[in-house]
Every structure is written in structure tokens, then in C-alpha cells.
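Below is one structure, written out as C-alpha cells; the observations come after it.
The values are calculated or read from the model by the stated rules, or taken from the named source; none is laboratory data. Everything numeric in this text was worked out from a predicted model, so none of it was measured. Neighbour counts are summed over all protein chains in view; Cβ atoms, including those assigned to glycine, are modelled from backbone coordinates with ideal geometry. These accessible areas exclude ligands, DNA and RNA; they are computed on the full protein's heavy atoms, side chains included. Shrake-Rupley method; radii C 1.70, N 1.55, O 1.52, S 1.80 Å.
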Amino acid sequence: MVLTKTATNDESVSTMFGSRYVRTTLPKYEIGENSIPKDAAFQIIKDELMLDGNPRLNLASFVTTWMEPECDKLIMDSINKNYVDMDEYPVTTEFQNRCVNIIARLFNAPLKESETAVGVGTVGSSEAIMLAGLAFKRKWQNRRKAEGKPYDKPNIVTGANVQVCWEKFARYFEVELKEVKLSEGYYVMDPDKAAEMVDENTICVAAILGSTLNGEFEDVKRLNDLLVKKNEETGWNTPIHVDAASGGFIAPFIYPELEWDFRLPLVKSINVSGHKYGLVYAGIGWVVWRASEDLPEELIFHINYLGSDQPTFTLNFSKGSSQIIAQYYQLIRLGFEGYKNVMENCIENMMVLKEGIEKTERFNIVSKDQGVPVVAFSLKDHSFHNEFEISEMLRRFGWIVPAYTMPADAQHITVLRVVIREDFSRTLAERLVVDIVKVLHELDTLPSKISKKMGIEGIAENVKDKKMEREALMEVIVGWRKFVKDRKKMNGVC
């Protein structure tokens with residue numbers, strides 16, 4: 001008689017959730033002693049990732065969250081290609097060159113029919129801005145040296161509304177950042193004030209085509225005209241860089257008559273984020289120069305240890321090829337007509353959302369109709385509740401809508417902002433309005449968290465003039481931030 005024994009510990013007969021790995025705590029901040037099965041590792045990570053927000057409902061982000069399945073497949077097929085190996089992957093290199101030329105011509109670079117554009121793909125607009133800033137700094141230093149003048153105190157003029165990457169550039173590369181302060185009702189750089197701040201040490205003025213705060217386009221044409229006049233008077237030859245991270249793939253299709261690009265003589269370089277309205281997943285940006293003389297040759301490195309002479313001008317070395325391929329896919333798949341259709345849809349859905357928010361009669365709209373499709377809005381009455389509460393309560397419906405204060409000198413203004421992307425449909429816009437109304441009704445039935453949690457009841461009633469109201473509002477904002485931060489600490493969130 002043959003005896004058989006049941007293999008009770010045989011993992012091959014267990015389901016994933018019947019295995020020991022669902023009841024075993026794995027080390028989180030040091031490598032484990034033993035390996036685990038691939039399906040267990042997959043399920044453990046997948047389960048924890050369920051706690052992340054839904055990317056398509058993340059209305060804080062400008063970054064693309066949807067692409068066609070065909071492009072997804074191209075991305076996965078090329079995810080193991082290192083772009084820097086140009087000799088091994090010549091077609092990918094050619095795709096990047098095609099993208100640079102398409103984008104440069106889209107921005108009206110003064111190129112002859114057979115002339116090649118000057119530019120490079122980056123991991124995003126942050127790297128693109130660093131590269132453009134370095135080119136301006138080196139050009140300015142070279143000119144100052146040739147004139148026998150000091151070159152140790154470069155500065156750059158921007159608005160206080162610039163993205164943090166400009167502050168990083170200034171700090172990392174030792175350039176003074178001169179910011180034009182904002183004011184209530186005017187949340188972008190004033191070109192007149194910017195021109196006034198320019199001096200002989202200014203390496204460039206940075207204009208934003210699509211402010212992160214409210215989507216508004218800055219007046220690059222006005223800035224160019226002012227600097228042309230100032231350069232004639234002083235001989236300084238101060239140039240312009242346009243940070244078109246958000247607006248560079250919008251303006252050519254929706255506002256073709258708007259002069260902001262290389263049609264203006266002082267615009268020497270432009271950056272744009274392919275992973276925003278270029279409609280590619282996160283990880284691709286572009287910077288293009290007006291002409292080859294605007295990019296100093298000494299900043300370009302030449303290497304040959306990957307098989308042939310390869311010029312390189314980047315802050316990093318290795319990077320994936322998939323996003324470059326995805327950008328080329330979108331450019332040839334959509335063409336001018338396709339991009340125009342997408343951007344028109346975004347603008348129309350922005351207007352639907354804006355009108356729905358206005359109908360509540362509870363908010364002031366601080367964004368503009370012309371610009372990046374963004375709806376930025378603030379409460380008319382802060383007596384009992386604020387924008388941070390609305391942002392927090394919208395998360396219960398799945399929406400991620402940021403609340404934040406404006407930069408100096410408009411810190412007393414708090415706004416909520418919704419970014420309208422390609423995958424934000426009319427249905428979602430209408431649903432968001434419904435959920436905002438629900439939140440407002442619920443807040444109306446609740447006692448004021450502001451006064452209850454922070455002991456500042458009566459602030460609104462005691463406000464006697466505009467200055468006191470601003471000070472009170474700032475106290476509310478600071479107090480609410482502290483309350484939210486403390487509560488996160490209690491919940492173990494870091």
C-alpha cells in the first residue's frame with residue numbers, strides 16, 4: 001500500500017492571499033534577507049499603490065495622465081533603451097532631432113528650409129531652464145570679459161510667480177534672482193517693472209507663457225519692446241527667455257496671432273514641457289535656441305566612448321528613450337489639426353467649469369480666459385471657512401484640488417486651482433461643479449473650523465479696514481496650515 005502525504009506548505013497550491021506573504025511584515029527601510037516570489041512582490045506593491053490618488057482626478061497637476069494604447073505599447077517596447085547610446089540607437093536620436101526641429105518651427109524660429117534647429121530633449125522643463133540659464137550666463141560672462149568688465153555678479157529678472165526651478169537655477173548656479181512682486185488682481189510679472197529692474201549684470205529676463213498660479217500668459221511682446229528701447233539707450237543687449245512649459249503647446253494652436261516666440265527679436269531661447277500639453281507622460285521637456293550663436297560652443301561636450309563622436313549638452317547622462325519616442329508619436333499622430341482640437345476641447349471644458357463655479361456666487365475667478373486652461377478661484381467670504389477646507393473635503397469625492405497662497409506681495413490671496421487636461425471631459429467638469437456645491441452646503445451646516453480650532457472667533461466681525469482684513473486673513477491661513485500640518489503628524493503622514 002502506497003502512503004501519500006498532503007503537502008500543506010506547498011506554495012504552489014496556495015492562492016496569493018492564502019500564502020504566508022500576506023501575513024508577514026517585510027522590512028521597509030533595509031533590504032530583506034531572503035527573496036520572495038515575483039507574484040508576491042507584485043501583489044504587495046500593487047496593494048499599497050491602491051492608496052495613491054487617481055492620476056486622472058489629480059487636478060493639481062499639469063502633467064499628462066492619459067495616452068493612446070498604441071503609444072503605451074511603443075513606450076513599453078522602448079523602455080529598456082538608454083537614449084545616450086546614440087550610436088547604438090540612431091533612429092531614436094533621429095526622432096529627437098525631428099522633434100526639436102518641429103518644435104522650433106512651431107515657435108517660429110528663423111530657420112531656412114534645410115537648416116537644422118538648435119535644441120535638445122530634457123527630462124522636463126526644469127532641466128531645460130537650467131540649460132538655457134547656463135547659456136545666458138556664459139554668453140554674458142564672455143561679453144563682460146571681452147569688455148574688460150567685472151563678471152562675478154550676474155542676475156536674472158523674473159516675476160515672483162515663477163516656478164521653483166528658477167529659484168533652483170539661481171541658487172545652484174550663483175545667479176541673483178530679482179523678482180517683480182505681484183499685487184492683488186495682477187498675478188503675473190509686470191513687464192514695465194521688469195524692464196526697470198534690468199541692469200548691466202542682467203543675463204536675461206524670464207517671461208512665463210502660462211503662470212503656474214493662474215494660467216495667465218505674460219505680455220512678452222510688451223517686454224520685448226521695452227527691452228529693445230532700453231538696450232538701445234544703454235548698449236546692454238539684455239535678452240529674453242520664454243518659459244513656455246505649460247503654454248508652448250497651446251498658444252500656436254489657439255492663439256496663433258499672439259507674438260510671444262522667436263518672432264520677437266530678443267527671444268533667444270524657449271523651453272516647453274512635452275509632458276504637459278505636449279501630451280506625453282511625465283519625463284520629457286524641450287529647450288530650443290533661436291540660432292547656434294545663442295548656445296556657447298564651450299557648453300557642449302563631445303564623447304566617443306559609446307562608439308562615435310557624440311555632442312551632448314545635458315545635466316544628466318543616461319535617460320530613457322521612451323518619452324522621446326512618445327513625443328514623436330504625438331506630433332505625427334495628431335499634427336496641427338489634432339493638437340488644435342485637443343486644446344479647443346480643453347478651453348471649452350474650462351469655460352464650462354468656470355461658469356458653473358460662478359453660478360454658485362461664492363467665488364471670485366482669478367484666472368484669465370486667455371492662457372493655459374486653468375480655473376483658479378477664491379472664496380468671496382472667509383468669515384467662517386477657507387479654501388483649504390474646501391480642498392480637503394473635495395478629496396472625499398476623489399478630487400485632488402490644491403489650495404495655496406499667492407507669492408509676494410499677494411500672500412493674503414488664497415486660491416483653489418483646477419487644471420483642465422486632455423482627459424478632463426465635459427462630464428467630469430459638470431460633476432466637479434456638483435461636488436463643489438455639495439461641499440459648500442455641508443460647510444454651511446458646520447461650525448467654523450477656523451474659529452473653533454484656532455481660537456480666533458470674531459475676526460471677521462472686528463475687521464475695520466482693508467489692512468486689518470488682510471492681516472486677519474493671513475492669520476487664518478497660517479493657523480489653518482498649522483492645524484492641517486499638526487493633524488497630518490497625528491495621522492502618521494509625512
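Go through the residues of the range 133-141 one by one and say whether even a single one is under 25 Å from ILE250 (Cα atoms) and open to solvent by 30 Å² or more (accessible area, probe 1.4 Å). Checked against the condition, which is being under 25 Å from ILE250 (Cα atoms) and open to solvent by 30 Å² or more (accessible area, probe 1.4 Å), the range 133-141 yields no hits at all. Considering each residue of the range 26-46 in turn, none proves to be in a helix (DSSP H, G or I) and under 23 Å from TRP286 (Cβ atoms). Collect the residues in the range 379-408 that are in contact with a Ser or Thr (Cβ under 6 Å, 6 or more places away or on another chain) and not aromatic (Phe, Trp, Tyr), keeping them in residue-number order. Those that are in contact with a Ser or Thr (Cβ under 6 Å, 6 or more places away or on another chain) and not aromatic (Phe, Trp, Tyr): GLU387, VAL401, ALA403, THR405.
On inspection, ASN224 fails the criterion of being open to solvent by less than 10 Å² (accessible area, probe 1.4 Å) and within 13 Å of the chain's Cα centre (by Cα).
Of everything in the range 47-72 that is open to solvent by less than 40 Å² (accessible area, probe 1.4 Å) and part of a helix (DSSP H, G or I), the residue that is nearest to VAL272 (Cα to Cα) is CYS71.
Just one of the numbered conditions (1) more than 20 Å from GLY335 (Cβ to Cβ); (2) surrounded by fewer than 24 Cβ atoms within 10 Å (Cβ to Cβ) is not true of ASP243: (2). Scanning the range 165-189 for residues that are in contact with a helix residue (DSSP H, G or I) (Cβ under 9 Å, 6 or more places away or on another chain), under 30 Å from THR414 (Cβ atoms) and open to solvent by less than 70 Å² (accessible area, probe 1.4 Å) turns up CYS165, TRP166, PHE169, ALA170, LEU177, LYS178, GLU179, VAL180, MET189.
For the range 145-157, indicate whether the set of residues that are of a type in the set (A, V, I, L, M, F, W, C) and surrounded by fewer than 20 Cβ atoms within 10 Å (Cβ to Cβ) is non-empty. Yes, the range 145-157 has at least one match. For the range 78-114, the tally of residues that are open to solvent by less than 40 Å² (accessible area, probe 1.4 Å) and acidic (Asp, Glu) stands at 1.
Conditions tested, residue by residue: (1) modelled with pLDDT under 95; (2) more than 26 Å from LEU334 (Cβ to Cβ); (3) in contact with a His (Cβ under 8 Å, 6 or more places away or on another chain).
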{"residue": "ASP72", "(1), (2), (3)": "no, no, no"}
{"residue": "MET76", "(1), (2), (3)": "no, no, no"}
{"residue": "LYS81", "(1), (2), (3)": "yes, no, no"}
{"residue": "MET86", "(1), (2), (3)": "yes, yes, no"}
{"residue": "ALA104", "(1), (2), (3)": "no, no, no"}
{"residue": "THR116", "(1), (2), (3)": "yes, no, no"}
